[in-house]
Amino acid sequence: MSDLNALLEAEHPAAARLLSPLGRRAFMPLGVPQQAAESAQCERQASIGQITSGSGDPLALPALAEHFQGVDLRQAFLYAPTAGILALRQAWRARMGNVVGTLPIVTNGMSHGLSLAADLFGCPEHPLLLATPYWDNYDTIWNMRTGAEMRPFPIFNAERGLDIAAMGARLAELSGPACLLLNFPNNPTGYSPTEAEAHAIAARIHAHPHPLAVICDDAYAGYYFDEGCYGRSLYNLLVEGADPRRLVVCKIDGASKELLFFGGRIGFLTFSATGPAGEALVHKASAILRGTISSVSAPAQSVVLAALRDPNLAGQEEEVKGVLKRRYTALQGALAESGVDALPFNSGCFALLPLRADQNAQEVRRRLIAEQSTGVIAVESDNALRVAFCSIDESDIPDLVARIARVLHR
Ligand SMILES: Cc1ncc(COP(=O)(O)O)c(C=O)c1O
């Protein structure tokens, strides 16, 4: 354990200083998974506690196996390695364009990837800076679990431009290690930066003088609908020229939204660190994963791996992007026509409708259910309504906006 911490101190001082007490302790003993992996090629396999055929194959009960047509039963029915099926980690890395950093670790959905990053770097002494409004689960993952103080800054300024100065002002308050969360395409606003904004964010982060863990929550990666969008994760921009004495970047992405496999619970966590420092972070994250869920569902990993190898996948994804873009365009049009106000949105799944001061988001949401049979999410921090246009048929979008307008324009 101390060897890993010493290694990080030498090779990646920022990561070493950013580790939480749990992150410092995290260490994978030479336990069952490691000992079993070391003996994987042995003729007699009496290491891991799996009930098998006796020669390495699963004893798949037909009542289960019949539901896994076309899936490698050995891969799906036996334990996956702690950090995930190697071929899946490699295939996801290739999908990301072989970005600089570690091989991604497979996580139980992106929420779990975020919670691993929080476990490694989050603690009461390391505040989490993030744009508000934000996805509500960040409170649970960071503040509730690790005790990290949430330090929000507004996503937009008074002119409704991305408020990079507010992020900079929050960074300027720091004098020690901290985490910064970036989520684009954003939940709940549906905003992604332009090229110029993306570069300005990266430049401000690169100028920060203290240890900083930047968490790129790329949950909605790929869903960019306006030509002005930067259209990629900020991860690469941040990693280029990142100084290991000051910056570690974590990328969280996954199959939930990108492959529409919400219930599959397959996410990925990648660290910007390379070489032995990267391996040390993967080791630490794997130790925490082993101490919580032990390993991620092998059937779900097998199915995602099969999909990534399917030559038809890219075309199928493009089709979905086309559907979402048409829903997005319909929503932009319907909002403009009805005079319902929305904050800037150009990507992702959502639009955020700010309410008047005399309107209460929860009351309006309840009225929409009761009077218009319409479900939206109230974002109380900003007294706004989040509309998930990703789940409304294009032809129903004018009607959705009309129902909202009937309640808002009273
Ligand atoms: C911004 C953001 N990050 C992460 C997640 C979590 O995704 P998963 O379902 O893979 O845990 C969500 C889900 O809604 C999200 O909106």
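Taken together, the values in this text are just the output of simple stated rules run on the coordinates, not laboratory data. Keep in mind the model is a prediction, meaning the values are calculated, not measured. Neighbour counts are summed over all protein chains in view; Cβ atoms, including those assigned to glycine, are modelled from backbone coordinates with ideal geometry.
Table for the structure above
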read-out: Estimated FRET transfer efficiency when R0 is 30 angstrom, pair residue 44-residue 65 (beta carbons, to 0.05); value: 0.75
read-out: Selected from 323, 401, 383, residue furthest toward positive end of dipole (the stretch 313-408; charges at beta carbon); value: 383
read-out: Pair residue 294, residue 158: separation of 7 Å Cα→Cβ label points (nm); value: 5.8 nm
read-out: Check: the chain dipole with +1 on Lys, Arg Cβ and -1 on Asp, Glu Cβ, in debye; value: 500 debye
read-out: Neighbourhood charge, 11 Å Cβ-Cβ cut-off, centred on residue 27 and excluding it, Lys, Arg +1 and Asp, Glu -1; value: +3
read-out: Cys residues of the chain counted as unpaired, since no other Cys beta-carbon is under 4.7 Å; value: 42, 123, 179, 216, 229, 250
read-out: Surrounding net charge for residue 219, when Lys and Arg each add one and Asp and Glu each subtract one, Cβ distance under 14 Å; value: -2
read-out: Cα-based equivalent ellipsoid, the chain: semi-axes from gyration tensor eigenvalues, Å; value: 38, 28, 18
read-out: If the convex hull is drawn through the Cα atoms of the stretch 270-410, its volume per residue in Å³; value: 193 Å³
read-out: Point-to-point label distance, residue 144-residue 165, nm (Cα→Cβ direction, 7 Å offset); value: 3.6 nm
read-out: Potential lengthening between residue 310 and residue 3 on full extension [0.36 nm per residue; Cα-Cα distance subtracted]; value: 106.3 nm
read-out: Viscosity 1.567 mPa s, temperature 4 °C, Stokes-Einstein D of the stretch 57-129 from Kirkwood C-alpha radius, µm²/s; value: 86 µm²/s
read-out: Total charge dipole magnitude, the stretch 77-146, about the Cα centre, Cβ charges on Lys, Arg, Asp, Glu only, Debye to nearest 20; value: 380 debye
read-out: Where labels lie 7 Å past Cα in the beta-carbon direction, separation of residue 409 and residue 341 in nm; value: 1.6 nm
read-out: Residue-averaged [θ]222 nm for the chain, counting only DSSP H segments that reach four residues, each worth -39500 (n - 2.57); value: -12000 deg cm²/dmol
read-out: Charge dipole (debye, nearest 20) of the stretch 313-408; +1 at Cβ of Lys and Arg, -1 at Cβ of Asp and Glu; value: 140 debye
read-out: Antiparallel content of DSSP bridges confined to the chain, in %, to 5; value: 50 percent
